[in-house]
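Here's the structure we're looking at; comments come further down.
The values are calculated or read from the model by the stated rules, or taken from the named source; none is laboratory data. These figures come from a predicted structure and were not determined experimentally. Counting neighbours? That spans all protein chains shown, and the Cβs are built from the backbone with ideal geometry, glycine included. For the accessible areas, the whole protein counts, side chains as well, though only heavy atoms, and no ligand, DNA or RNA atoms are used. Shrake-Rupley method; radii C 1.70, N 1.55, O 1.52, S 1.80 Å.
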Amino acid sequence: MTTSDARDAAATSVPPNDPAAVVGRAHPPAPEGAPDPETAEWRRPPATPAQRRNDALGAAGLFAGAVLSMLLYRATNMLPDPASPQVSVLVLAAAIAPLAWRRRWPSAVAGVVAAAFVVAGEIAVPETVFLNIALFCAIYTVGAWELNRRRAVVVRALVVDLMLLWLLTSFFRVATDPPEGEEVAFGPGGLTPLAAYLLIQLMINVLYFAGAYWFGNHAWAAARNRARLEERARQLVAERAKVEAQAVTIERLRLARELHDAVAHHVSLMGVQAAAARTLAATDPARSAVALEHVEDSAREAVSELHGLLGTLREDAPAPGGDEPVGSLGVERLEELVADARVAGTPVRFEVVGEEVRLPPLVSLNLYRIAQEGLTNVRKHAGRGASADVRLRYLVGAVELEVTDDGAGRRRRQAPAGTGGLGVLGMRERVAADGGTLHVGPRRGGGYVLRAHVPLPTGGPA
């Protein structure tokens, strides 16, 4: 046996599709319920049909090479009394054919190959190269594919120990039975040429078996590392799917809030203005026409906002027809919102307190929507004749929006406006998304107050 034999065995014993030979090639996905690769219960997935087919082809190729090598050795007449060709072919078949099932029954195959190897040596089969490859492959496969890892250690230890014991026995027989008439010459250190040769052979065999053992363990570890990577990839895919589903749900909730706020505000305005137009239709047609114009304007604004919302559902779709996108709504439009409320018949005072700072777009939009919902609730619940105040306060590190009414409409409510519906719920979600707080409740002197306090990333002036 030579070191080149070990290299050849390592190269030829692993088919091209073996994961141990091609690191990084995709491995079949783990079945449902497979043990976690991080636990001791993990087992390597069974060989695929393609791998078993390649094992059979590899065994057939090795057997053909072994027969050709045996014929060439016989032609050299180097062995004094070799086994007959028929017996040699049978022994070679017994040593190599089991490799076709090496991944299915690795321990059994290793035992059969080792026994046939010893028989081939005892009856002087004139072939060594392919027999060495077959034995290397069998020992390697036990380490790479045996599911019971304790059995893998025991089987390899037994095979290696028995092979070394047989080799030492063979060396002893040769050393104690030198050829007749041959003078013994001593080399450096008092070693005879035969003793030096036997030591060289022993060293080569130790490296040979150690290589087969190490490569087998390395293949098992590589397969386990790939299983770890595949499991982590599956976890990442599942986590990404969960995050995507959550993002879709959050977006749906956001759109639902936007639709609720836009529709509730404009429909409320249109209802009040339509009622005023109906009342004035007989007595003051001019004012009735003005009220109907306001109904038309409110409807147009509602349609424009709905177009902007629906545009967010399309890919690369700006608001059609030049409609105003929802992102343009913010605290800068509060005065227009207050003006619309005044036109609808609700006296509203608007005041900005503190030095204005630029707000994040989402915070600005949410405050606009909260003010819109607050004024809608004033019209719906405070009654006719009620007045409202809208205050936007710029504080140190925060912004605060307050919508109050004086309760002059004398309509009693048992709970804060919208507590049982979607209005206050939507406002609380908006404020919570910005990390703020929302207070909704009755005022001590009558009426109701709505106050949203939102912290800012950087503090503004008081």
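Summary of computed values
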item: When residues of the range 270-286 are limited to those that are of a type in the set (A, V, I, L, M, F, W, C) and in contact (Cβ under 8 Å) with a residue 40 or more places away in the chain, the one surrounded by the most Cβ atoms within 10 Å (Cβ to Cβ); result: Val272
item: Matching option when the condition is at pLDDT 90 or above and of a type in the set (Ser, Thr, Tyr), among Thr176, Thr141; result: Thr141
item: Checking Glu251 against (1) loosely packed, with under 15 Cβ neighbours inside 10 Å; (2) in contact with a helix residue (DSSP H, G or I) (Cβ under 7 Å, 6 or more places away or on another chain); (3) at pLDDT below 70, the condition it does not meet; result: (2)
item: Residues (at pLDDT 90 or above and either open to solvent by 60 Å² or more (accessible area, probe 1.4 Å) or β-branched (Val, Ile, Thr) (or both)) located in the range 441-452; result: Val449, Arg451
item: Which listed residue is modelled with pLDDT of 85 or more, charged (D, E, K, R), open to solvent by less than 60 Å² (accessible area, probe 1.4 Å) and under 36 Å from the mean Cα position of the chain (by Cα), from Arg226, Arg257, Arg234; result: Arg226
item: Check on Glu293, more than 30 Å from Met163 (Cβ to Cβ), open to solvent by 40 Å² or more (accessible area, probe 1.4 Å) and modelled with pLDDT under 75; result: no
item: Answer from Gly383, Gly354 - the residue that is surrounded by 14 or more Cβ atoms within 10 Å (Cβ to Cβ) and more than 18 Å from Arg451 (Cα to Cα); result: Gly383
item: Per-region count, the range 121-152, residues over 17 Å from Trp105 (Cβ atoms) and assigned to a helix (DSSP H, G or I); result: 8
item: Number of the condition not met by Ser364 [criteria: (1) modelled with pLDDT of 80 or more; (2) under 23 Å from Gly345 (Cβ atoms)]; result: (2)
item: Only one of Pro45, Pro31 that is modelled with pLDDT under 75 and touching a Pro at 6+ places or on another chain (Cβ under 9 Å); result: Pro31
item: Failed criterion for Val113 (all others in (1) open to solvent by 30 Å² or more (accessible area, probe 1.4 Å); (2) free of Cβ contacts under 8 Å to residues at least 60 places away in the same chain; (3) within 19 Å of Asp55 (Cα to Cα) hold); result: (1)
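Let's see how each residue does on (1) over 46 Å from the mean Cα position of the chain (by Cα); (2) modelled with pLDDT under 90; (3) farther than 26 Å from Tyr197 by Cα:
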| residue | (1), (2), (3) |
| --- | --- |
| Ala95 | no, no, yes |
| Ile133 | no, no, no |
| Arg149 | no, yes, yes |
| Leu158 | no, no, no |
| Ser170 | yes, yes, no |
